[in-house]
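The values are calculated or read from the model by the stated rules, or taken from the named source; none is laboratory data. All figures in this text were calculated on a predicted structure; none of them were measured in a lab. All Cβ positions, glycine included, derive from the backbone under ideal geometry; neighbour counts span all protein chains shown.
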Amino acid sequence: MPTALAVGIVHSFPVGLGHTASVANVGAVAQLIEQATGLVSKIIRAVATARQNKRECEHLALRLSIIGDVLPCLPPADPMVEQPLKELRTVLGEAHELVLACQDRSAANRFFGARRHADSFRKVSDRIYFLLSFVPMVNYAAITSHLARISPQHTWVPTMPSPGSSSASLQTLTVVPDYPCMFSWAEIVTATNNFADKLSRGWSGTVYKGRLHDGPEVAVKVLDKHRPHDTFVPELVITFRLRLRHDHIVRLGGWCEEEDDRMFVYEHMSNGTLRDRLQRVRSSLVTAAPWRTRVAALLGASRAIQYLHCSAQPVVIHRNVSSSSIHLDMNWTPRLSGFGAALYQAAGEEHGGQLVEEVVGTPGYVDPEYTRTKRVSTVNDVYSFGMVMLEALTGEDPATLQLDSIGTGKLALKDVLDRRPSLDPTLPQMEALEIVADTAKRCLCLSRMGRPDMSKVVANLEEALVVIRSHEPMSMARLSLIRRRTSEN
C-alpha cells in the first residue's frame, strides 16, 4: 500500500470530538456503502465463471463475503468512514476487473496471465486489509481475526485466545460461533471421537455427530475425496453468506481444509431430517411427524427457498432440495441445508436457465426438464420442493410415487394420504392438506411456465397452517396466558 495514500487517508479525517456529519455527508456515505456492497456481489458472481487463477478468485470471494456482510452495518453518520469507503470502492472496482480478466477464454492469456494475475490478487488483498484498518466496523475485531485466518496456504493453527479476543478453537467454544472458524483436522477428529457416530450419507459426503469441548453438539460434513476440490470454496462462500441471514437456514460453525480433507461444521439438529420423520417410522426411536409438524416444516423450508430466490444477492439456486436437506432442531424448527450443489444465478439467464456441465441432485427430486436440457434456474428448485410436499403428504419415497396418476387426478388425495399421523384426518386437516396437495401439483407442472414462484408457495402453506392451527384444541398453558392478558387489559 503506497505511503502517500495512507497519509492522504489519515489527513482527510475530521479532527475533534464535536464534529457532526452533515445530512449530505450521511447520504454520501450511505451511497458509498451501497456501491461497495454492490461491487462485492458482482465480484462474487463473476468468480463463479473464472477460468484461470480460480483459487485466488475463490479466496478473494470468501474474504469479500465477510466484508459484504458488515458493510451495511457501518454508521453513515461517522465522518471517519467516508474517505476509506471511497478508496475501498476504487479497490473493489479494480478487483472486479481483475476477476473479469480471469474469465478470458484465450489459452495464451491463461498461460501468460496467470502469474501476473496472482501478483495482482496479492496487491488487491493487501490494499483491502489496509483500508479496513481505518474503518470502525461493527464487530471489527471478530471480522479481522477471521479474515486473517483465511489464507490460500491454510497455515493457521488455533491457539488459546487471550482475554477479550474473538479467536476461537474447539478447546474454548461453548456455542456455535456467529462467525465461522477454520478448524484443524486434529480438532475435528477430537470433536467427532474419530468419526465414530455417523448421522447420514449424502451424494457429496458423510455427516458425523460431534461435540465442541464442553460445548454444543455439532454435525460435521466430510466431503468425499473424489469430489472436485474447486467446488469446496464456492460452497463455503455460499453457505458462509447465508449462515445468519434467515431463521430457516442451517448455521455454519466452521470448516476444515487440510490436504485432501475438506469438512464443514454445522449446528446439530437433534430431530434429524424431515425424511427421517417420514421414512424411518418403523424404528421405535423415531415417530412419524403429525400433520401440523409436517406443514410447519414445509412452510419454514419454503421461506428459506424464497429467501434464496427473492432476497439473496446474488440469487442462489439450491439444486438439491429434498426432504433430507430439511433439518429439524430440538424445537422442531426446520432449517434448510445441503448447499453443496448450490450456485449463483447468472445475470441475464433468469428465464431460460443457465447451462451447466453436470446435472446434480437427489434422485426422485430432480426436475425432468433440468435433466433433459442441463439448464438450471429457480423453477427447478420449485419442482423439487413440489416433490417434498408430495412426500410429506404420502409418506412415500419420491422414487416410488405414482406421480403420473397423482398429477393427472386419477388418484384422489384420500387414496394416497399417509395414514400414520391419523387414520381419519379431521375436516380442517383435510382442508389444509388439500391446499398443500394443490400447491404440490402446480409445482410439479411439467412446463416450467406453469409453476408458481416460491412466494406463492409460501402464501399457500401459510394458509394451510392457519387452517390446521385454528381448529386445534387450545392447550391449558395457552388458555391461561390469554386469560391473564385479558384480565390485565
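Test ARG241 against the criterion of being buried (at least 24 other Cβ atoms within 10 Å of the Cβ), part of a helix (DSSP H, G or I), modelled with pLDDT under 90 and within 16 Å of the chain's Cα centre (by Cα), and give yes or no. Yes; evaluated as a whole, the condition is true for this residue. One residue stands out in the stretch 298-332 among those that are of a type in the set (D, E, K, R) and in a loop (DSSP other than H, G, I, E, B): the one that is farthest from MET269 (Cα to Cα), namely ARG319. Of the residues that make up the stretch 174-194, is at least one at pLDDT 75 or above and closer than 30 Å to SER302 by Cβ? Looking through the stretch 174-194, none of the residues is at pLDDT 75 or above and closer than 30 Å to SER302 by Cβ. Condition (residue is modelled with pLDDT of 80 or more, assigned to a loop (DSSP other than H, G, I, E, B) and at positive phi) applied to the stretch 50-72: is it met by at least one residue? Within the stretch 50-72 (the criterion being modelled with pLDDT of 80 or more, assigned to a loop (DSSP other than H, G, I, E, B) and at positive phi), the answer is yes, since at least one residue qualifies.
For the stretch 182-203, the set of residues classified as farther than 18 Å from LEU252 by Cα and among the polar types (S, T, N, Q) consists of THR190, ASN193, ASN194, listed by residue number.
Tally time: how many residues in the stretch 369-403 are part of a loop (DSSP other than H, G, I, E, B) and either closer than 20 Å to ARG419 by Cβ or touching a Lys or Arg at 6+ places or on another chain (Cβ under 8 Å) (or both)? Working first, answer last.
Keep residues of the stretch 369-403 that are part of a loop (DSSP other than H, G, I, E, B), which gives 374, 377, 395-397, 401-402.
Narrowing the set further to residues that are either closer than 20 Å to ARG419 by Cβ or touching a Lys or Arg at 6+ places or on another chain (Cβ under 8 Å) (or both) leaves 377, 395-397, 401-402.
Residues in the stretch 369-403 being part of a loop (DSSP other than H, G, I, E, B) and either closer than 20 Å to ARG419 by Cβ or touching a Lys or Arg at 6+ places or on another chain (Cβ under 8 Å) (or both): 6 in total.
For the stretch 39-48, does any single residue satisfy the condition of being assigned to a loop (DSSP other than H, G, I, E, B), buried (at least 16 other Cβ atoms within 10 Å of the Cβ) and modelled with pLDDT of 80 or more? Looking through the stretch 39-48, none of the residues is assigned to a loop (DSSP other than H, G, I, E, B), buried (at least 16 other Cβ atoms within 10 Å of the Cβ) and modelled with pLDDT of 80 or more. For the stretch 21-38, filtered to residues that are at pLDDT 80 or above and among the polar types (S, T, N, Q), the residue that is farthest from SER120 (Cα to Cα) is GLN31. Within the stretch 354-367, not a single residue is assigned to a helix (DSSP H, G or I), in contact (Cβ under 8 Å) with a residue 12 or more places away in the chain and in the same structural domain as SER302 (by TED's automatic domain parsing). Just one of (1) over 23 Å from ARG292 (Cβ atoms); (2) modelled with pLDDT of 95 or more fails for ARG448. It is (2).
Okay, residues lined up against (1) buried (at least 24 other Cβ atoms within 10 Å of the Cβ); (2) under 18 Å from LEU223 (Cβ atoms); (3) of a type in the set (A, V, I, L, M):
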| position | (1), (2), (3) |
| --- | --- |
| GLY253 | yes, yes, no |
| GLU257 | no, yes, no |
| ASN271 | no, no, no |
| GLN279 | no, no, no |
| ARG292 | no, no, no |
| ALA301 | yes, no, yes |
| LEU308 | yes, no, yes |
| LEU328 | no, no, yes |
| TYR344 | no, no, no |
